[in-house]
């Protein structure tokens with residue numbers, strides 16, 4: 001015969017399963033990271049003892065808008081922090097007859113200020129000539145890696161020169177759009193910085209197809225009836 005009872009110990013509800021003369025405790029004491037940043041995800045989990053006796057789980061955060069759970073009914077799940085402040089993460093487990101409630105606490109702090117800025121030189125770029133992209137870390141927290149990529153326009157090859165610096169040589173006239181994303185050592189990523197550059201055929205934009213509007217041939221009209229205009233001083 002199996003009897004189930006509950007006891008309160010150090011703030012935790014711990015069911016005691018008594019099988020004949022022996023008793024086995026079930027614990028669900030959860031664990032969570034000590035700190036999150038706004039927008040950061042982390043793992044919360046039940047540290048079960050004899051979990052086979054616990055068929056259902058429910059995760060909750062207090063205050064309710066502090067964050068969301070990937071799967072609030074799983075014994076181990078992800079928590080996405082969404083609001084700064086002290087947060088109580090509560091786990092309720094039940095065997096259908098009795099339930100256990102346990103908590104862990106965490107702090108949600110402002111997100112890391114990592115940002116980047118992307119520029120191109122020259123702008124506009126010239127067909128067949130090398131141009132260079134510069135992606136700089138501009139946030140309070142340094143972006144130790146900066147990833148450059150082409151996101152729109154004719155295909156070009158980016159040739160890295162240094163972290164956040166690369167060259168490219170356009171092969172078609174048009175527009176090229178590049179992006180740069182920075183990341184910290186902890187892989188906190190910045191918003192993408194985007195730049196669009198026009199590609200022209202030549203620096204003056206007309207492909208050197210200049211025409212001479214002052215033709216010296218027979219079509220040149222002389223308002224002086226063939227006579228040269230008077231020279232200054234005469």
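The values are calculated or read from the model by the stated rules, or taken from the named source; none is laboratory data. Just so it is clear, the model here is predicted, and its values are computed rather than measured. All Cβ positions, glycine included, derive from the backbone under ideal geometry; neighbour counts span all protein chains shown.
Looking at residue 73 and the list (1) within 30 Å of residue 33 (Cβ to Cβ); (2) surrounded by fewer than 15 Cβ atoms within 10 Å (Cβ to Cβ); (3) in the same structural domain as residue 54 (by TED's automatic domain parsing); (4) touching a residue at least 60 places away in the same chain (Cβ under 8 Å), which single condition is not satisfied?
Here residue 73 clears every test but (4).
When the residues of segment 32-55 are filtered to those that are exposed (fewer than 12 other Cβ atoms within 10 Å of the Cβ) and farther than 27 Å from residue 190 by Cβ, which remaining residue is modelled with the highest pLDDT?
Filtering first and then ranking leaves 55.
Quick one: count up the residues across segment 89-124 that are in a strand (DSSP E or B) and within 24 Å of residue 189 (Cα to Cα).
So the first thing to find is which residues in segment 89-124 are in a strand (DSSP E or B), and the list is 89-94, 99-109, 116-121.
Checking which are within 24 Å of residue 189 (Cα to Cα) leaves us with 106-109, 116-120.
Number of matching residues: 9.
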